[in-house]
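Notes to accompany the following structure.
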Amino acid sequence: YLLDKSDKYDSRDVERLQQDDKWVENYLIWRHDVVDDTLKMIDESFQWRKEYTVNDLSESVLPKWLFEIGALFLHGYDKEGYKLFWFKVKHHTRDPKHQLDKKKLVAFWLEHYAKRDHGKPLTVVFDMAETGISHIDLDFVRFIVSCFTDYYPNFLTKIVIFEMPWIMNAAFKIVKGWLGPDAISMLKFTNKSDVQEYISGEYLPPHMGGTDSFKYSYPPLVDDDFQTPLCENGPITNEDEHESKEEIDVDTKETGELNEAQNLNQKKMNSIEQTSKSEETDKTEVKPKNAKKALTTFKGPLLHISPAEELYFGSKETGEKKCLIVLTNVTKNVVAFKVRTTAPEKYRVKPSNSSCEPGTSLDIIVSLHGGFAASLQDRFLIMAAEMDQSSGAGVPELTQFWKDVPRTKVMEHRLRCHVIESSKPSSLTLKDNASNIPAKTNEDLHMQLTHLLQINKRLEEQMNRCLWFQQLSVVLSLLSVTVAAFCFYLAYAQRS
């Protein structure tokens with residue numbers, strides 16, 4: 001096959017097939033270990049992958065409205081722990097003009113999930129509530145079926161079809177003919193009374209008899225980690241722009257970072273300051289909860305990241321446009337990191353692609369630029385991986401490192417944005433300077449307290465290390481005394 005059709009394959013797929021035993025095994029399992037049938041499936045799927053440019057599909061190459069309508073998305077799990085791939089059929093209509101883009105969207109989601117979860121099978125849910133004859137698109141359905149039967153081996157556990165209208169029975173008789181006996185056994189026709197045999201109520205929307213309040217949106221919200229392809233293909237900060245600037249003037253960049261470090265006390269924990277302000281003006285349950293989160297630290301295997309979950313920006317009225325992310329390297333090696341965002345046109349991240357020395361902390365400044373305002377839907381992804389001691393930490397070395405590092409060795413952590421609204425005075429008297437002084441004092445105290453907590457945490461870590469060495473010294477001393485006493489005893493015994 002390779003000799004005859006090498007130009008019809010993507011070389012990346014061929015290389016992966018030669019290295020990924022699990023992928024080969026899935027093809028064999030799906031074709032019942034019949035080698036000729038397996039080779040035929042690999043040949044067909046590889047040609048399809050190149051035709052649809054599957055390896056290069058990303059959010060940026062597909063129309064945004066396809067994501068916005070919410071006809072396809074990943075959310076929740078079935079009772080066996082498999083991820084649910086939802087097809088909201090009521091949002092789909094026949095449209096030959098955009099049919100190819102819709103097919104590429106399916107391939108995009110399947111490829112994203114396959115890479116992210118290393119080929120773990122999916123459960124497909126066709127939600128056919130509120131559908132009719134106008135939503136029947138046999139060509140599109142056939143493509144979806146082909147994805148699972150011919151292109152993505154051993155990737156399907158079952159197809160749950162919810163409330164299929166009687167008018168579509170004839171259409172699904174045709175679909176059954178495409179599936180084959182193995183896939184037909186995976187079809188599960190359900191309604192509101194029996195769908196929970198396969199999916200528990202916590203992952204079913206109310207119209208299916210469940211309690212899941214999840215609402216799909218795009219750009220994606222943070223409720224479901226699998227909603228966004230950010231970690232694989234999504235928009236990123238303009239790293240090339242930053243890197244080119246770094247190559248032109250590295251010294252200037254370093255000087256700028258030093259100046260920002262000198263102003264750390266003024267800039268640090270802007271998110272906490274804003275949280276304090278919001279707590280005073282709006283005593284709700286949500287604000288204090290978020291304020292507590294801002295003080296926490298995510299403890300990853302390579303980096304400790306603070307804040308753990310949210311970056312606090314001000315609204316247009318409050319005007320706060322900068323936040324700080326503190327990374328602490330907890331390994332014995334240099335850790336490379338880079339920061340991505342769902343809104344690269346809004347934010348500037350410095351540094352966005354760099355490295356952190358063992359046992360040190362590094363500050364990342366995230367700032368809004370121009371007239372942009374932060375949004376609750378904006379998110380950041382921090383990626384980190386250990387570098388070899390021999391690797392350099394310059395821009396060319398980092399660029400090559402990220403091209404070569406395996407996905408399994410990359411640590412990922414996500415941060416969402418939180419927007420602090422300005423406190424609107426209920427009366428004119430609140431505008432007096434005298435009434436504003438206590439609030440400012442509280443903010444300053446809160447910032448200082450937070451700074452002290454961070455210093456205290458670092459001191460505590462140093463104390464723990466000192467205690468460990470102290471205990472080790474005591475044990476070694478006792479061992480030495482014991483050995484010496486034993487030697488004296490032997491010498492005395494010999495003289496006696």
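The values are calculated or read from the model by the stated rules, or taken from the named source; none is laboratory data. What you are looking at is a predicted structure, and each value in this text was computed from that prediction instead of being measured. So basically every Cβ, Gly included, is an ideal-geometry build from the backbone, and we count neighbours across all protein chains shown. Accessible surface areas use protein heavy atoms only, side chains included; no ligands, DNA or RNA. Shrake-Rupley method; radii C 1.70, N 1.55, O 1.52, S 1.80 Å.
Ranked from largest to smallest solvent-accessible area, with a 1.4 Å probe on the protein heavy atoms, Asp404, Asp13 come out as Asp404, Asp13. Placing dummy labels 7 Å off each Cα toward the beta-carbon, the span from Thr360 to Glu80 is 5.1 nm. Here each label is just a point 7 Å from Cα along the line to Cβ, and for Leu100 and Ser200 those points are 4.5 nm apart. With all protein chains in place and ligands, DNA and RNA left out, the 1.4 Å accessible area ranks Phe313, Phe214, Phe469, Phe189 as Phe469, Phe189, Phe214, Phe313, largest first. If you plug the beta carbon distance of Leu187 and Glu345 into 1/(1 + (r/R0)^6) with R0 = 51 Å, you get a FRET efficiency near 0.70. With 0.36 nm allotted per residue and the present C-alpha distance subtracted, the Phe372-His118 stretch has 87.7 nm of extension available.
Given the Cα-Cα distance of Ser58 and Glu461 and 0.36 nm per residue of separation, how much length would full extension add, in nm? All intermediate terms of the calculation are to be shown ahead of the outcome.
Working: separation 403, 0.36 × 403 = 145.08 nm, distance 4.24 nm.
140.8 nm is the gain from fully extending Ser58 to Glu461.
Once you charge only the Cβ atoms, +1 for Lys and Arg and -1 for Asp and Glu, what is the size of the charge dipole of region 57-208 about its Cα centre, to the nearest 20 debye?
Numbers: 19 positive and 18 negative charges, 51 e Å.
About 240 debye.
Under the convention that each Lys and Arg Cβ holds +1 and each Asp and Glu Cβ holds -1, the size of the dipole of region 298-418 around its Cα centre is about 220 debye. Counting heavy atoms of the protein chains alone, Thr297 has an accessible area of about 40 Å² for a 1.4 Å probe. 3J(HN,Hα) along region 455-460: 5, 4, 5, 5, 5, 5 Hz, from the Karplus curve 6.51 cos²θ - 1.76 cosθ + 1.60 with θ = phi - 60°, whole Hz, x for Gly and Pro. Ligands, DNA and RNA aside, Arg348 has an accessible area near 60 Å² when probed at 1.4 Å. Using the Cβ-Cβ distance between Ser473 and Glu397 with R0 set to 41 Å, the FRET efficiency from 1/(1 + (r/R0)^6) comes to roughly 0.55. Multiplying the residue separation of Thr331 and Gln19 by 0.36 nm and removing their Cα-Cα distance gives an extension gain of 109.4 nm. Distance between the modelled labels on Ser146 and Tyr489, one decimal in nanometres: 8.4 nm (7 Å Cα→Cβ projection). Between the alpha-carbon centres of region 9-69 and region 380-421 there is a gap of 27 Å.
Close amide-amide hydrogen proximity is noted between Glu130 and no other residue 5 or more places distant or on a separate chain, at a cut-off under 5 Å (H modeled in the peptide plane; Pro and chain starts excluded). For the pairs Lys103/Lys158; Lys50/Lys120; Lys8/Lys173, note any where the Cα-Cα span goes beyond 32 Å. Where the Cα-Cα span goes over 32 Å, the pairs concerned are Lys8/Lys173.
If you take the square roots of the eigenvalues of the alpha-carbon gyration tensor of region 11-52 and sort them as a ≥ b ≥ c, do you get rounded (a/c under 1.5), prolate (a/b over b/c) or oblate? Display every interim value, and only then the final one.
Details: a/c = 2.42, a/b = 1.31, b/c = 1.84.
Cα axes put region 11-52 in the oblate bin.
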